[in-house]
Amino acid sequence: MTETIIKVDLKGSAYDNDKIHNRWHPDIPMVEKVKPGDDFIIECMDWTGGQIKNDDCADDVRDVDLTKVHFLSGPVAIEGAEPGDLLEVDILDIGTFDDSQWGFNGFFSKQNGGGFLTEHFPEAQKSIWDFKGMFTSSRHIPGVEFAGLIHPGLIGCLPSREMLDEWNKREKELFDTEPERVPELATLPYADTAHMGRMTGDARDAAAAEGARTVPPREHGGNCDIKDLSRGAKVYFPVYVKEAGLSVGDLHFSQGDGEITFCGAIEMAGWIHLRVNLIKGGMEKYAIKNPIFKPSPITPKYDDYLIFEGISVDEEGTNHYLDVHVAYRQACLNAINYLTKFGYSKAQAYAILGCAPVQGHISGVVDIPNACATVWLPTDIFDFDVQPNADGPKVELDGSIDLPLSKDK
Ligand code: ZN
């Protein structure tokens, strides 16, 4: 039987579990050791460590302490791994806990985290998604059900000292270009809520003050939020420290490309079954700077899409030179406005784009001055016809159900 090397208690605090950490630092002690060829299971809390509840009020999303995220399980030592190697990780399977068959999606308040379309959705809102085997649906969003493309939002190896210093330097430089901005341009080290695993004493305090936050994706992978890095995928991670130090968390039942709602995908607690191997000296052999991966042989089969185009002209009509961020925003806003014609609120439509197996593509980046991005909405996730026709949209939703706001809204 495959051993579960890291266990979590969903009713307890992540801070009481010394096999969990929420910062990146080369000195975080390894909590387990495996050999190349081994397979093992790691349990994970949801990324917030249980801050979001299965209820109908978004106070918890509004008040979430984002300095605490992400709670990661690890780091796991891989015997014989050295800087410059590639760590090959097979994601053999991912699953939910029997007593936690649900996940959440939310929009952070603009004052606390924000999101991709925060100017349009400045209030905290959330939707709860129930799992039935491989399928999910939400009591807050009628008319839609889909199969999960289950994946870890966050996985990677510990950074080296030099890499950590580089991250902190460049992110501080970016932050300092607009230090008063809300939401902030980058999340800087913050000692107060750091969980440094098994570190103790002065060494722990020093590391907590400089440990990199887990929010951005970086050279080691980290919080890439790639929906296709799903169960069945094979990933190759750069190794920067002796024994690699593999950590994982932020499991998602499903997510649309871009994780545009930021809180985020369908976030869940669960377990992940991994197998590791090493390619000695693999970083140089294959010119690897960032991780590479092969997708799963098993993915939900949604192959009919309604595709929304967006160009790099913003809501005010201002032209942005080949800006795919602006173009993808426009594609998403176009899809949201379209779905409102079928009775969805804008918030429900936004949540669907964040949660469902929606594809995002960079379609053109050369036709000056406009970039073109597309959002691919799978039509078969809806239990009604969402395609345009001469009769116009047939509205089957009565509008009585919407995403919960916080109580005082
Ligand atoms: Zn996530």
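For the chain, the per residue solvent-accessible surface stands at 43 Å², with DNA, RNA and ligands left out and a 1.4 Å probe. The simple spin-label model puts a point 7 Å past each Cα toward its Cβ; for GLU162 and THR2 those points are separated by 3.5 nm. Placing a label point 7 Å from the Cα of TYR15 along the Cα-to-Cβ direction, the residues of segment 196-211 whose backbone N falls under 13 Å of that point are 196-197. Result for the chain in a Gaussian network model with C-alpha springs under 10 Å: among THR187, THR214, THR48, the largest mean-square fluctuation is at THR187. Stretching ASP56 away from GLN101 to a fully extended chain increases their span by 14.6 nm, per 0.36 nm per residue minus the current alpha-carbon distance. Between HIS361, HIS220, HIS252, which gets the highest mean-square fluctuation from a Gaussian network model of the chain, Cα cutoff 10 Å? With Cα springs under 10 Å in the chain, the top fluctuation among HIS361, HIS220, HIS252 is at HIS361. Among HIS325, HIS151, HIS273, the residue with the largest mean-square fluctuation in a Gaussian network model of the chain, with springs joining Cα atoms closer than 10 Å, is HIS325. Which links in LYS132/LYS407; LYS169/LYS280; LYS19/LYS172; LYS7/LYS33; LYS53/LYS346 stretch past 21 Å when you go from one Cα to the other? Table pairs above 21 Å Cα-Cα are LYS132/LYS407; LYS169/LYS280; LYS19/LYS172; LYS53/LYS346.
With all protein chains present, how much of the accessible area of the chain (probe radius 1.4 Å) comes from carbon and sulfur, to the nearest whole percent? Exposed carbon and sulfur together represent 51 percent of the surface.
A convex hull fitted to the Cα coordinates of the chain yields 154 cubic angstrom per residue.
Would you calculate, for the chain, the mean residue ellipticity at 222 nm contributed by helices, counting each DSSP H stretch of 4 or more residues as -39,500 (n - 2.57) and dividing by all residues, to the nearest 500? Taken over the chain, the calculation gives -4500 deg cm²/dmol. With a cap of 13 neighbouring Cβ atoms within 10 Å, and only residues DSSP puts in a loop, list the GluC sites (Glu not before Pro) found in segment 294-380. Passing sites in segment 294-380 are GLU315, GLU316.
In loop segments of segment 298-346 as defined by DSSP, the trypsin sites (Lys or Arg not before Pro) with at most 11 further C-beta atoms inside 10 Å of their C-beta are LYS301.
The values are calculated or read from the model by the stated rules, or taken from the named source; none is laboratory data. Remember, predicted model here, so these are calculated numbers, not experimental data. Here Cβ is always computed from backbone atoms with ideal geometry, including for glycine, and neighbour counts include all displayed protein chains. Keep in mind that these areas ignore ligands, DNA and RNA; they rest on the heavy atoms of the full protein, side chains included. Shrake-Rupley method; radii C 1.70, N 1.55, O 1.52, S 1.80 Å.
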